[in-house]
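Values quoted throughout were computed directly from the atomic coordinates according to the rules given, and no laboratory measurement underlies them. Just so we're clear, the structure is a prediction, and the values are computed from it rather than from any experiment. Ideal geometry is used to build each Cβ from the backbone, glycine not excepted, and the neighbour counts take in all protein chains shown.
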Amino acid sequence: MCFSALVEQDIARLKRDFKARPDLRAFKKLFERRTRGESVLIPKAMEANFLGPGTTETVEIAELIFAYHDSKTRQLEQDRIKQKARLDNAERALLGGETEKLLNERRIAKNKVGFCEEKIADLKRRQPERRDARIFPQHYAPVVVEEGGERIIRPMRYLLRRAGKPATDDRKFSGCYNARRDNLSRFWRGQFGHSHGVVVVTSFYENVSRHAMEHRELGPGEKEENVVLQFDPRPEIRMRVACLWSHWTGNGEPDLLSFAAVTDEPPAEVADAGHDRCIVPISDFNIAAWLDPLGRPDGDLFKILDERERPFYEHKIAA
């Protein structure tokens, strides 16, 4: 399952490539929720869309971003001061003799000071980095959809909560950031053939077992070890990955737009690296049909998934 990916967050480029309109109202609502203190995970690369000169609406979003950064920085600075005092206390106590408890206290406090300083520096950083576009489950990304014959770019959470289902499904079905092809007609029936989307992915990450990656059995007494692999398409392409999405509503809770990437059996090189699933990049000539699925037989939609782009996926152990 694709647990993480580098996703195109440049709204201007998505607008140009897909001839789509960004739903600025939806983006503004998302940033407002985060500023109010809700747990909304927004990649730094998505923020970058609104931090330059723009319209009144984008300037308002920029103000929300700066307000969040200021609030988060103050919180982290308070935590840093608290952990620095904890570290100083532990180091003074260690002058009287080392104990396992004091050494552990110093280690934890030092790590937490470093964490706060790293997060503060990241909030202040303006130079873009490739990792700014990486998403994990529960993170938001721009998804291209079609409604009423118009293509629209909306921010959606990477973990689909099906409309009409309880919010507790987020925990019960925590793997619903991916939608298996062999389950599209059953578990995903409410979305498959109804609400399709596309995200642009340039690289993706998978968890594999080290012994599977190395094509061997576990040794006597050896525990299974997880390895994170990064897969890059060769030649380099901007993969238009097939997605399903849903608009969830609940009493007293904010509306939720969320999506899942469609996965299928892996190509030989992904299977050889130790993983059993792979995302599905749609061919450009099938984008229009995928985004407008209503009334199309399942067989036609599965054919779109079969006629996918087929790059070679080069892999390496992720840094």
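Overall, the chain carries a charge dipole of about 980 debye about its Cα centre when +1 sits on the Cβ of Lys and Arg and -1 on the Cβ of Asp and Glu, all other atoms neutral. Cα centroid separation, region 282-319 to region 1-78: 28 Å. Under 5 Å between amide hydrogens, built in the peptide plane, is the criterion, and for Ala242 it picks out Val262, Val280, Ile282 among residues at least 5 positions away or on other chains. The amide H of Gln138, built 1.01 Å from its N in the peptide plane, has Tyr158, Leu159 as neighbours under 5 Å, considering only residues 5 or more places off or on other chains.
Could you tell me which of the pairs Lys72/Lys165; Lys72/Lys110; Lys119/Lys172; Lys119/Lys223 are separated by over 25 angstrom between their Cα atoms in the structure shown?
On the way: Lys72/Lys165 33 Å; Lys72/Lys110 20 Å; Lys119/Lys172 31 Å; Lys119/Lys223 33 Å.
Distance filter (> 25 Å) returns Lys72/Lys165; Lys119/Lys172; Lys119/Lys223.
Nearest 20 debye, what's the magnitude of the dipole of region 25-130 about its Cα centre given +1 on Lys and Arg Cβ and -1 on Asp and Glu Cβ? Walk me through the numbers on the way to the answer.
Working: 24 positive and 18 negative charges, 26 e Å.
Roughly 120 debye, rounded to the nearest 20.
Put simply, the amide H of Ser4, placed in the peptide plane, has neighbours under 5 Å in Tyr205, leaving out anything fewer than 5 places away on its chain.
Once the piece of chain linking Ser209 and Phe187 is laid out straight, how much longer is it, given 0.36 nm per residue of separation minus the C-alpha distance between them?
Numbers: separation 22, 0.36 × 22 = 7.92 nm, distance 2.75 nm.
Taking Ser209 through Phe187 to full extension adds about 5.2 nm, to one decimal.
Between Glu147 and Glu217, the modelled label-to-label distance comes to 5.6 nm, taking each label 7 Å out from Cα in the direction of the beta carbon.
Taking the charge dipole of the chain about its Cα centre, with +1 at Lys and Arg Cβ atoms and -1 at Asp and Glu Cβ atoms, the residue from Ser283, Leu24, Leu14 reaching farthest to the positive side is Leu24. When you restrict to C-alpha pairs under 8 Å that are six or more residues apart and normalise by the size of the chain, the relative contact order lands at 20 percent.
Among 3-12, 264-273, how do they line up from the highest to the lowest mean number of other beta-carbon atoms within 10 Å? Can you show the working numbers first?
Working: 3-12: 20.1, 264-273: 15.6.
Ranked by mean Cβ neighbours within 10 Å, highest first: 3-12, 264-273.
For region 25-130, relative contact order (Cα pairs under 8 Å, six or more residues apart, normalised by length) works out to 25 percent. In order along region 234-241, the Karplus-derived 3J(HN,Hα) couplings, from 6.51 cos²θ - 1.76 cosθ + 1.60 at θ = phi - 60°, round to 10, x, 4, 9, 8, 6, 8, 8 Hz, and Gly and Pro are given as x. Can you list the DSSP H helices in the chain whose Cα atoms extend at least 24 Å along the helix axis and whose mean Kyte-Doolittle hydropathy is -1.0 or higher? Taking the DSSP H segments of the chain (at least 24 Å long, mean hydropathy at least -1.0), we get 56-94, 100-124.
Can you tell me how region 25-130 classifies by the Cα gyration tensor, rounded, prolate or oblate, using a/c under 1.5 as the rounded cut? It is prolate, given that a/c is not under 1.5 and a/b is the larger ratio.
Multiply the residue separation of Lys29 and Leu95 by 0.36 nm, subtract the distance between their alpha-carbon atoms, and state the gained length in nm to one decimal. Could you put the intermediate results ahead of the total?
Working: separation 66, 0.36 × 66 = 23.76 nm, distance 5.27 nm.
Net length gain for the segment: 18.5 nm.
In order along region 194-202, phi translates into HN-Hα couplings of 10, 10, 10, x, 9, 10, 9, 10, 10 Hz, rounded to whole numbers, per the Karplus curve 6.51 cos²θ - 1.76 cosθ + 1.60 with θ = phi - 60° and x for Gly and Pro.
Peptides 54-60, 308-314, 157-163, 274-280 ranked from most to least packed by the mean count of surrounding Cβ atoms within 10 Å: 157-163, 274-280, 308-314, 54-60. Measuring nothing but how far apart in sequence close Cα pairs (under 8 Å, 6+ apart) lie, relative to its length, region 175-319 scores a relative contact order of 31 percent. Potential lengthening of the chain between Glu269 and Ile237 amounts to 9.8 nm, from the contour at 0.36 nm per residue minus the alpha-carbon distance.
Backbone phi angles across region 278-290, fed through the Karplus curve with coefficients 6.51, -1.76 and 1.60 (θ = phi - 60°), yield HN-Hα couplings of 7, 5, 10, x, 7, 5, 4, 6, 10, 4, 4, 5, 5 Hz in residue order; Gly and Pro are listed as x.
Taking only DSSP H segments of four or more residues, each worth -39500 (n - 2.57), what value at 222 nm results for the chain once the sum is divided by all its residues, to the nearest 500 deg cm²/dmol? Walk me through the numbers before you get to the answer.
Numbers: 10 runs with 115 residues, N = 319.
It lands at -11000 deg cm²/dmol.
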